Amino acid sequence: MVTAEAAMAVVRAARPFFRSAHDGLAFAANAAFLADGYSLCAVGRSALFDPLPADEEVGIEGWNSMDNCYAFLYSKDEEEGKKKCIFMKCVVIADFLAIDAMDLEAQHEEPFHVQINVKDFFSEVQTRNYKDLYKSFTDFINILNLSLLAELNGKDAAASQNPNAESSSSINSYRNVMWGKPTTSSTERTIYEYNHLYFPFFFCVALLYSPFLYFVVTCSSSEYARWENPSARTAGLIYPPVVLFGRDDTFPAP
């Protein structure tokens, strides 16, 4: 598992220039892969249109040369002389950054996907300190660990590096995930909304209309009693009760 300190060290060592919040988070995702032991083989258009990993490492020149898109190609040596090849693509979607990472050597594998709300993790303040540019940087790195790196490296490898951490299958049981700043669970939000929003609203509506409903029910009951019981009628002209709502053959409607 990558730590936030290791990823921030990569960012500081590279000293990239950010044009926007999407630039900052895309490069932070690249820094997480580099801190995890991957070698950068291609960036930008070279990685996007010719995703064939080379044996030589490259620099970061041209990493943000494309509009609304970032591409990175990585390689990593494994046991028995095998090499893992990872392709990562980041696409700008309004205030979100959609990140796809795929193992090129895996057969019939779909890319792992996560969407990040850039406003929750990048401040865009005017500062020369990279640490001050990011908000909740540790949470952002943890999201990448659970959604991308743990899946690409294998759950067993991630668990062996951090045995106290929850397995990614219990936290991320599917591949398409949308992340903002960590909040409470959906069940807790539903209970909170019911107790603090819906219930007070319907209670106020019922309280507002209760005098009117009481008047309608009382008048209708009394009129119906006099109509059905001749002994309760008074002298003079008696008008039959009128149904205020709907239509009925028993009483005339207005």
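List the strands (runs of 3 or more DSSP E) inside segment 1-99, counting only whole elements, that have at least 3 residues being surrounded by fewer than 20 Cβ atoms within 10 Å (Cβ to Cβ).
Result: 69-77, 83-93.
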*Taking F112, is it open to solvent by less than 30 Å² (accessible area, probe 1.4 Å), within 18 Å of the chain's Cα centre (by Cα), touching a residue at least 24 places away in the same chain (Cβ under 8 Å) and farther than 21 Å from F18 by Cα?*
yes
*Among the residues of segment 32-53, is there at least one that is among the hydroxyl-bearing types (S, T, Y), modelled with pLDDT under 90 and over 25 Å from the mean Cα position of the chain (by Cα)?*
yes
*Filter result for K119 (in contact with an Asp or Glu (Cβ under 9 Å, 6 or more places away or on another chain), open to solvent by 60 Å² or more (accessible area, probe 1.4 Å) and at pLDDT below 95)*: yes
*Report whether or not D156 is over 16 Å from A32 (Cα atoms) and either assigned to a helix (DSSP H, G or I) or at pLDDT 95 or above (or both).*
yes
*Which one is modelled with the lowest pLDDT, of the residues in segment 96-112 that are among the small types (G, A, S) and under 19 Å from D77 (Cα atoms)?*
A106
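The values are calculated or read from the model by the stated rules, or taken from the named source; none is laboratory data. Just so we're clear, the structure is a prediction, and the values are computed from it rather than from any experiment. Because the Cβ atoms are built from the backbone with ideal geometry, glycine has one as well, and the counts that use them run over all protein chains shown. Areas reflect the complete protein model, heavy atoms only, side chains present, ligands, DNA and RNA absent. Shrake-Rupley method; radii C 1.70, N 1.55, O 1.52, S 1.80 Å.
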